[in-house]
Amino acid sequence: MDARFLGISELVEAPSVAVVVDVMRAYTVAAWAFAQGAEKIVLAESLDEALALKAGHPDWVALKDGPSAPGFDAVNSPGLLRSLDLGGRTVVQKTTAGTVGALAVKEASLVLCAGFVVAEATARLLRARACDRVTFVVTGEDGRADEDLACAQYIARRAAGEGTDPADFLRRAGESRAAFELTSGVRRGVHADDVELCLELDRFPFAMVATLEDSLMVLRPCAAPSPTP
């Protein structure tokens with residue numbers, strides 16, 4: 001498999017297949033939202049759009065990065081989200097990097113959103129669809145976030161069928177700038193378990209596929225194909 005690893009600003013054209021990686025924390029949060037019963041996640045372009053969507057659909061659950069804010073129901077923290085019952089609900093998500101990355105490749109024929117918690121399921125889906133050229137969008141720090149790059153590189157190797165020890169990739173993520181900021185109080189809207197939850201390899205058995213639905217970028221869970229014998 002021909003894998004490219006690009007930051008959001010390096011995307012000059014829509015790739016055919018894109019895997020948008022945000023480990024800490026957008027797509028760990030998204031996976032937890034589905035595990036808590038959410039039906040779909042609408043990826044908002046701005047805070048104003050998220051609030052407008054919420055206003056038009058009062059039963060939707062809106063979440064954002066940082067501290068709590070009027071109009072939003074939750075923050076972008078897996079540790080805080082895991083206690084919510086989202087059965088059958090639609091979630092509106094706006095984050096600093098993860099949602100931006102997915103919207104940047106919305107014209108791709110296949111868009112997957114991923115973190116370590118859905119790594120193997122994502123790799124299996126890439127293998128099942130015989131994706132031979134994949135662009136991994138490293139969303140954090142303008143493409144330099146080591147937790148996202150480590151996860152992207154791990155998924156790429158697994159998608160290529162390589163037997164890869166995850167330990168070094170998880171170590172890099174755990175020692176990343178984002179992990180430090182989440183544990184040191186630099187960021188707000190954080191739970192003490194967030195980093196640990198973001199590093200739970202293959203916690204969930206599904207991949208996450210984003211598609212355009214009525215002009216909105218909508219993320220849904222997708223059952224992972226069975227392992228290749």
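Quick notes on this structure:
- Note on region 72-95: among residues that are in contact (Cβ under 8 Å) with a residue 24 or more places away in the chain and aliphatic (A, V, I, L, M), the one that is surrounded by the most Cβ atoms within 10 Å (Cβ to Cβ) is 81.
- Residue 161, sole failed condition from (1) crowded, with 17+ Cβ neighbours inside 10 Å; (2) farther than 12 Å from residue 25 by Cβ; (3) in contact with a Lys or Arg (Cβ under 8 Å, 6 or more places away or on another chain): (1)
- Exactly one residue out of 116, 136 is touching a helix residue (DSSP H, G or I) at 6+ places or on another chain (Cβ under 9 Å), among the hydrophobic types (A, V, I, L, M, F, W, C) and over 22 Å from residue 78 (Cα atoms): that is 136.
- Selection within region 105-126: residues that are charged (D, E, K, R) and closer than 12 Å to residue 17 by Cα. The member of this set that is surrounded by the fewest Cβ atoms within 10 Å (Cβ to Cβ) is 107.
- Single condition residue 224 does not satisfy, out of (1) touching an Asp or Glu at 6+ places or on another chain (Cβ under 6 Å); (2) aliphatic (A, V, I, L, M); (3) surrounded by fewer than 21 Cβ atoms within 10 Å (Cβ to Cβ): (1)
- Test result for residue 83, closer than 26 Å to residue 108 by Cβ and out of contact with any helix residue (DSSP H, G or I) (no Cβ under 7 Å at 6 or more places or on another chain): no
- Scanning region 197-225 for residues that are touching a residue at least 60 places away in the same chain (Cβ under 8 Å), outside any strand (DSSP E or B) and of a type outside the set (A, V, I, L, M, F, W, C) turns up 200, 202, 203, 205, 225.
- Here residue 226 clears all of (1) modelled with pLDDT of 95 or more; (2) over 14 Å from residue 24 (Cα atoms) except the condition numbered (1).
- Filter result for the condition that a residue is more than 18 Å from the chain's Cα centre (by Cα) and of a type in the set (Asp, Glu), over 168, 146, 202, 142: 168
- If the condition is being closer than 18 Å to residue 24 by Cα and not β-branched (Val, Ile, Thr), then region 69-91 contributes 74, 76, 77, 78, 79, 80, 81, 82.
- Residues that are of a type in the set (Gly, Ala, Ser) and under 17 Å from residue 200 (Cβ atoms), drawn from region 153-167: 167
The values are calculated or read from the model by the stated rules, or taken from the named source; none is laboratory data. For clarity, every value in this text was computed on a predicted model and none was experimentally measured. Every residue, glycine as well, gets a Cβ built from its backbone with ideal geometry; the counts of neighbours run over all protein chains shown.
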